[in-house]
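So the structure is just underneath, and the comments pick up after that.
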Amino acid sequence: MSIIRLQAAVALIGRFPALAGIDLEVGEGEVVLVQGPNGAGKSTLLRLCAGLMRLESGEGTVLGHDLATERPSIRRSVGLLGHDTALYDDLTVRENLDFWARASRVDEAAVTPAMERLGVADRLHDVPVALLSAGQRRRVALAAVVVRRPRLWLLDEPHAGLDPSGRDLVDQLVVDAAAAGATVLLSSHEVDRTLELATRRITVAGGTITGDVTDAR
Amino acid sequence: MLADIRLVAAKDLRIEWRSRVTLSQVVPFALLVLVLFGFALDANRPVLDAATSGLYWVTVLFVGVMSVQRATAIETTDGARRALLLAGVEPAAVFLGKAVAVALQLLFVEVVLVGGVIVLFDASIESLPLLTATCLVASVGIAAAGTLLGALVAGVRARETVLPILLLPVLAPVLIGATRAFDDALGTVAVDGWAWLGLLAGFGAINTVLGALAYGVLLEET
Amino acid sequence: MQEINHTGSRTTRLLGAAVIVGLVALVLLGWFVAPEDDDQQDAVRMIFVHVPSAIWTYIAFVTTAIGSVMWLVRRSVWWDTVAAAAAEIGVLFCGLTLFTGSVWGRPTWNTYWDWGDVRLVTTLILFLMMIGYLSVRSLGGPESATATRAAIVGVMAAAILPIVNRSVEWWENNTLHQKSSLTDGNLEDMTLFTLVVGLIVWGLFFWWAILHRFRIAWLEREIRSSDLDRALVERRAEGEPGASPLEERV
Amino acid sequence: MTHVGYLLVGWGTTFAVGLVYTATLLRRGRRLTARVPADRRRWMTAEDT
């Protein structure tokens, strides 16, 4: 069953074709690395798959839901880590994660293990997010994705702003997620690091897919 | 849906409680405005008595604009609005949740202001039920219109100045209606306060429905 | 198609001519032919300017409300542009209505502003709301976001207008202010005829203005979109050589 | 003829404002048309929204 299926998908920012005809099929359990220069459309591709953007033309389905008409249900079943971490500064780490867990209709019991997983449980859990460093904020944002246990992970430069131990943590998360049967689509500028992780590498340029290599791992 | 409304309202109120803006800034500001009205009109007792409910509700309107700006600021930081969409919370629930939080904060300030009006302008309450009903219904109207317009200008450069321009004319019926209802409740003018309350309820209902419908469209635009 | 460098067209030229002819007729009729009023004498002649402005103000705002709904429901760019064009003309007419209303009020009710006139006060609140609408239009940001924001303000203004009118009506009655009966009174046929001419002339002008204003709004949209295009193409071009890890939006 | 002063102010301002607005519309139209490339200058009619 294909998790993501896009046929000639076009998405616009204003009138600019950020995605100018994307054909892509991603199966269950794949870990797809999306590479490409700035402005190529990596972030847009991830946001399109998350159901956050209007499909200008072409068609597509994500997790079996139609991209044109069932975007709310797509949004409910994906985990997107974008550039902004979507956290409430005045609330503590735990309060933030509790809120996002309940909003995503996920049992709050999943919050503590997720916090431990991302190393923000012990000292930080009752610290207001405002006081955290950028790296710590990203860990909390990642924890929010872990808590949802989504079937499709969409990570936009997950390694950005993380220290080395944090980057290893991200790699481990991706491996575990794939092992658990989830599908991962991640964009990254760190070419070498994420290579071994990915089962497949696609390059995006000028809003279209210019390369699609499936590693024989 | 109801759980989501409670969830969002609780979140907003907890953030508000954590930063104490209402308590430490909005309430003192409201009382200060009353005091200033007092200075301006006190020498002329009859005018002050007649104008009490009008001054009260002008002050509440200003407080309303401030609370709405606070509530909107909470969501604009760091892409929270998009995350709410992603979490799959019903947009109408987000709207109602935030409106409830704003309404409760407004009610709190209104209670304090009633005390202020009694002490500073020595008003006397003739009909407590009408007074409380007016506060409740007017707060719903202000919160509903405010939350929608707040979300509308969220993320825009000049939102601090645009919001009052948008919100205050829209709230004109609330100012007229609530003032008249208070005139009856405080016994300053022989007028049928309960009829005015009906008008306020109409205003509140229209804006609540409109807000619940339009909020989703706004969130989609981010 | 020969090179056109303005927003005019055959229809607008036709309309323009009709407006000019109509205005001349209106001045003649309004000032000299129509009879004066028993108690107001000639002050009543203000009616030929005030009433058409008021009526076409409300027609303009209804157009904006319809355009707003059509944008929200069907995302029709054409209707969104109509809404924007009608709003600006509506605000202009509204201002004229309020101005002529208060100038007329001076000799008749000896006050410049008559809180007792329900229509005047309601129109004032509408005027303020539509100024809010225009300020939302100029907020910038992506085209569709601006259109949606403005559309919501348009719908909101239309939705609460009945409440505004009722609240002003009740409020004004309670002060037992003498209600102005001028426009509801029985009008001699000549006055009525001139009034109708006034309505027609205002209508022609509204039509003429909205055609031009629509095209201007359309051209502005073109320019804003192509600016955005160039910026994003620039960003993409700048991104081509080495991949710099700067925060990437596209 | 009574109240001529008020009438002149009322009618005069209305016509003056109308004239000024007409002028600005025409000028804005001309200025904007010049800035848009010829092919995109055609303003769409109702059907092709």
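The values are calculated or read from the model by the stated rules, or taken from the named source; none is laboratory data. Given the structure is predicted, the values throughout are model-derived calculations rather than measurements. Using ideal geometry, Cβ is built from the backbone for each residue, glycine included, and neighbour counts are taken over all protein chains shown. In case anyone asks, the SASA skips ligands and DNA or RNA and just uses the protein heavy atoms, side chains included. Shrake-Rupley method; radii C 1.70, N 1.55, O 1.52, S 1.80 Å.
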Solvent-accessible area, 1.4 Å probe, carbon plus sulfur percent, for the stretch A:80-181: 53
Average beta carbon contacts from partner chains per residue of A:70-79, 10 Å cutoff: 3
Chain C: relative contact order as a whole-number percent, Cα under 8 Å and 6+ apart: 29
Structure-based [θ]222 nm, chain A - -39500 (n - 2.57) summed over DSSP H runs of at least 4, per residue, nearest 500: -9500 deg cm²/dmol
Chain B - charge dipole about Cα centre, Lys and Arg +1 at Cβ, Asp and Glu -1, debye rounded to 20: 620
List B:Met66, B:Met1, ordered by accessible area with a 1.4 Å probe, largest first: B:Met1, B:Met66
Pair B:Ala190, B:Arg18: separation of 7 Å Cα→Cβ label points (nm): 5.5
Cα centre as origin, Lys/Arg/Asp/Glu Cβ charges: chain A dipole, Debye: 360
Interchain or long-range residues, amide H under 5 Å from A:Gly21's placed H: A:Ala9, A:Val10, A:Ala11
Calculated P(r) tail over 21 Å for the stretch A:2-214, as whole % of Cα pairs: 52
B:Val8, B:Val137, reordered so the largest accessible area comes first (probe 1.4 Å): B:Val137, B:Val8
Dipole of chain A [Lys/Arg +1, Asp/Glu -1 at C-beta], most positive-end residue of A:Gly207, A:Leu185, A:Gly60: A:Gly60
Accessible-area order (highest first, 1.4 angstrom probe) of the listed residues C:Leu195, A:Leu131: A:Leu131, C:Leu195
Chain pair B, C: total accessible area buried, heavy atoms, 1.4 Å probe, Å²: 2500
Unit charges at the beta carbon, dipole of chain C: most positive-side option, C:Gly16, C:Gln41, C:Leu228: C:Leu228
Additional length obtainable on full extension of the chain from C:Gln41 to C:Ile20, 0.36 nm per residue less Cα span: 4.8 nm
Kirkwood Rh in Å, taken over all unlike Cα pairs in the stretch A:59-115: 13.1
Inter-label distance, nm, simple model (7 Å from Cα along the C-beta direction), B:Leu2/A:Asp122: 4.4
Theoretical FRET efficiency, 1/(1+(r/R0)^6), r = Cβ-Cβ of C:Leu228 and B:Glu160, R0 41 Å, to 0.05: 0.95
Accessible surface buried upon A-C contact (total; probe 1.4 Å; Å², nearest 100): 1800
Interface B:A - total buried accessible surface [probe 1.4 Å, Å², rounded to 100]: 2300
Those residues of the stretch B:74-95 for which accessible area with every protein chain present is at least 40 Å² below the isolated value (1.4 Å probe): B:Asp78, B:Arg82, B:Leu85, B:Leu86, B:Ala87, B:Gly88
Accessible solvent surface per residue of the stretch B:2-221, calculated while the other protein chains remain in place, 1.4 angstrom probe, Å²: 36
Amide H partners (placed H, <5 Å) of A:Val204, local residues excluded: A:Gln35, A:Gly36, A:Thr210
Rel. contact order, % - alpha carbon contacts under 8 angstrom, at least six apart, chain A: 29
Among A:Leu142, A:Tyr88, A:Gly29 the positive-end extreme of the charge dipole of the stretch A:2-214 (Cβ point charges): A:Tyr88
The protein assembly as shown: proportion of alpha-carbon pairs further apart than 44 angstrom, %: 37
Pairwise FRET efficiency - B:Ala10 versus A:Asp168, Cβ, R0 = 30 Å, nearest 0.05: 0.25
Cα centre as origin, Lys/Arg/Asp/Glu Cβ charges: chain C dipole, Debye: 640
HN-Hα J in Hz across the stretch A:57-71 - Karplus 6.51, -1.76, 1.60, θ = phi - 60°, x for Gly and Pro: 7, x, 9, x, 10, 10, 6, x, 9, 6, 5, 7, 10, 10, 4
Calculated [θ] (222 nm, deg cm²/dmol) that DSSP helices of n ≥ 4 give over chain C, each run adding -39,500 (n - 2.57): -26500 deg cm²/dmol
Sequence-distant residues sharing a close amide H with A:Leu67 (under 5 Å, placed H): A:Gly60, A:Thr61, A:Val62
Within 10 Å of each Cβ in C:123-132, the average number of Cβ atoms from other chains: 4
Cα centroid separation, the stretch B:170-212 to the stretch A:5-34 (Å): 52
Ratio of Rg to Rh over chain C (Cα coordinates, Kirkwood Rh, two decimals): 1.10
FRET efficiency, 1/(1 + (r/R0)^6) with R0 56 Å, evaluated for B:Thr132 and A:Asp23 via beta carbons: 0.35
Reduced Cα scattering model of the stretch B:2-221, Debye log10 I(q)/I(0), q = 0.10 Å⁻¹: -0.44
Structure-based [θ]222 nm, chain B - -39500 (n - 2.57) summed over DSSP H runs of at least 4, per residue, nearest 500: -28500 deg cm²/dmol
Pair C:Trp207, B:Val119: separation of 7 Å Cα→Cβ label points (nm): 6.6
Rounded to whole Hz, the Karplus (6.51, -1.76, 1.60) HN-Hα couplings of the stretch B:46-51, x for glycine and proline: x, 5, 4, 4, 5, 8
Potential extension, C:Arg75-C:Arg235 segment - 0.36 nm per residue separation minus Cα distance: 54.8 nm
Hydrodynamic radius by Kirkwood, which averages 1/r over all alpha carbon pairs of the stretch A:60-162, in angstrom: 14.1
Whole-Hz couplings from phi, Karplus 6.51/-1.76/1.60, listed for the stretch C:140-146; x for Gly and Pro: x, x, x, 3, 5, 5, 4
